[in-house]
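Q: Take a look at the following structure, please.
The values are calculated or read from the model by the stated rules, or taken from the named source; none is laboratory data. What you are looking at is a predicted structure, and each value in this text was computed from that prediction instead of being measured. Here the Cβ positions follow ideal geometry from the backbone for every residue, glycine too, while neighbour counts run over all protein chains shown. Accessible surface areas use protein heavy atoms only, side chains included; no ligands, DNA or RNA. Shrake-Rupley method; radii C 1.70, N 1.55, O 1.52, S 1.80 Å.
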Amino acid sequence: MTTPRPTTTLSADEARRIALRAQGFLGAPDRRSGVRGVLRHLGAVQLDTISVLARSHELIPYARLGAVGRSTVENAYWQPQPDGAPPARPHAFEYWSHAACILPIEEWPHFAFRRRAYRNRPHWNHELPDGTYDQVVKQLRSEGPLTATELGGAKKTSEWWDWSGTKVAVERALMYGEVVCVERRGWKRVYDLAERAVPEALLHDELDDTECLRRLVRLAGQSLGVGTRADIADYHRLKGDQVDQVIADSGLVPVTVEGWGKPAWADPAALETPPRGRHRTTLLSPFDSLIWERARTERLFGFTHRLEAYVPKPKRVHGYFAMPVLAGGHLVGRVDPAREGRTLVAKQITLDGPNTVPAVAQALAEAASWVDCTDVRVERVAAPELREPLTRELTRILA
């Protein structure tokens, strides 16, 4: 692909600030639109099974809005919003984007390209017994929204990969778009027929692949503010050549970012005004879209981010669920948290020097309050001489 001549050159610092504003970390948060506004703004919120302080999809709005109630978060994602004409429809759905993600319901038509690709997929890892698919659809039609367990069982054995025929069928129907996940109940997917859950105006696969890709590339650019081809592709897990097909017509504009070494594209609205305002100080989920792509995180922040939950314990450097600390528009350290009763335990902390102590203490204290902890205990600090100043600052804040 021939990249058009860049319209402007951004410094690395300007690009970082544009990215922070695009992700909702710079400037006044939009509290009126709340959690739903965060979802629409980001375009996708990743789900994950790990829960330490809270699950990742709860941590995403918390990091941007502050201590919004956890039940408020769940209700905002999954509770239907009556629009005056029954039945009330979900305003979000779960599907495969960057990973398993909560997505705004208005984006349903733009994932038609992925649904078609799944329908045309020649190989599946799980066998599907004859008649099971039709039986699952029939049961959902007659009984309403159900979990895989309620449909007849999620697993054949206790092994996580050993799905039952029912689970295989309903997951395949989810990928095809005949079924939609309308909420998580006790972390189990709740399935319903798409024809019942998705608003009629959105329930179609009429957009061709090019239109779907153009929309998702545009959305990724808006959510990132500025990004390379690889950054934009990674946001909704598109292929590089899919981005190449549509980026020239996506509405994004080519720019040069000093030090990046690769062509970049920006949301034109992000270039209209310089990013200004208050920086958020917070712990970040390792699955936060600000830091999804490791190479981008290193480019923007000079920070190497790696989730170590799946690394053998003796080989971990920063801890099982090390959460980066964002302060002043920079990533200034990491905290590996745990909870013991009403105590937030900082099992391991890494700080980028003594100047970061107040920010890390503030982030810990706010997170503790959010999850109803009344105390914070610091166990290990990578720089031992900073343990006492950090503990002292925490005591002052929590007093």
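Q: Skip the ligands, DNA and RNA, and give the accessible area per residue of the chain with a 1.4 Å probe, whole Å².
A: I get 46 Å² per residue for the chain.
Q: Accessible surface of ARG392 in the full protein assembly, 1.4 angstrom probe, to the nearest 10 Å²?
A: Result for ARG392: roughly 140 Å² accessible.
Q: Checking understanding here: applying a Kyte-Doolittle mean of at least 0.0 and a length along the axis of at least 18 Å (C-alpha), which whole DSSP H helices in the chain pass?
A: Helices meeting the span and hydropathy rule in the chain are 357-370.
Q: Taking Cα pairs under 8 Å and at least six residues apart, what relative contact order does segment 298-399 come out at, in percent?
A: 20
Q: Test of understanding: extend the Cα→C-beta vector of THR210 to 7 Å, then name every residue of segment 242-261 with backbone N under 16 Å from that spot.
A: 242-251
Q: OK, next. Say each of ALA100 and TYR118 gets a label point 7 Å from the Cα, pointing the same way as Cα to Cβ; how far apart are those two points in nm?
A: Label at ALA100, label at TYR118, 1.2 nm between them.
Q: Follow-up question, since we're still on this one. Report which label in [x] 48; [y] 40; [z] 44 holds the value of percent of Cα pairs over 32 Å apart derived from the coordinates of this structure.
A: After the calculation, the listed value that fits is [y].
Q: Now a separate question. Using a Gaussian network model of the chain with C-alpha springs under 10 Å, which one of LYS262, LYS347, LYS313 is most mobile by mean-square fluctuation?
A: LYS313
Q: While we're on this one: What lysines does LYS155 reach when the alpha-carbon gap must be under 22 Å and sequence neighbours fewer than 8 apart in one chain are set aside?
A: List returned: LYS138, LYS167, LYS188.
Q: Let me ask something additional. If the reach is capped at under 27 angstrom between alpha carbons, list the lysines near LYS239, excluding any in the same chain fewer than eight residues apart.
A: LYS262
Q: How much length would be gained if the chain were fully extended between LYS155 and ALA269, taking 0.36 nm per residue of separation minus their Cα-Cα distance, in nm to one decimal?
A: Contour length minus Cα-Cα distance gives 36.2 nm.
Q: Give me the percent relative contact order of the chain, please, defined on Cα pairs under 8 angstrom at least 6 residues apart.
A: 18
Q: SER71 accessible area, nearest 10 Å², 1.4 Å probe?
A: Counting only protein heavy atoms, the figure is 80 Å².
Q: Suppose each label sits 7 Å from its Cα in the direction of the beta carbon; what would the VAL317-ASP30 distance come out to in nanometres?
A: If labels sit at VAL317 and ASP30, their model points lie 3.7 nm apart.
Q: I'd like the carbon and sulfur percentage of the solvent accessible area for the chain, probe radius 1.4 Å, heavy atoms only, ligands and nucleic acids excluded.
A: Accessible surface attributable to carbon and sulfur in the chain totals 49 percent.
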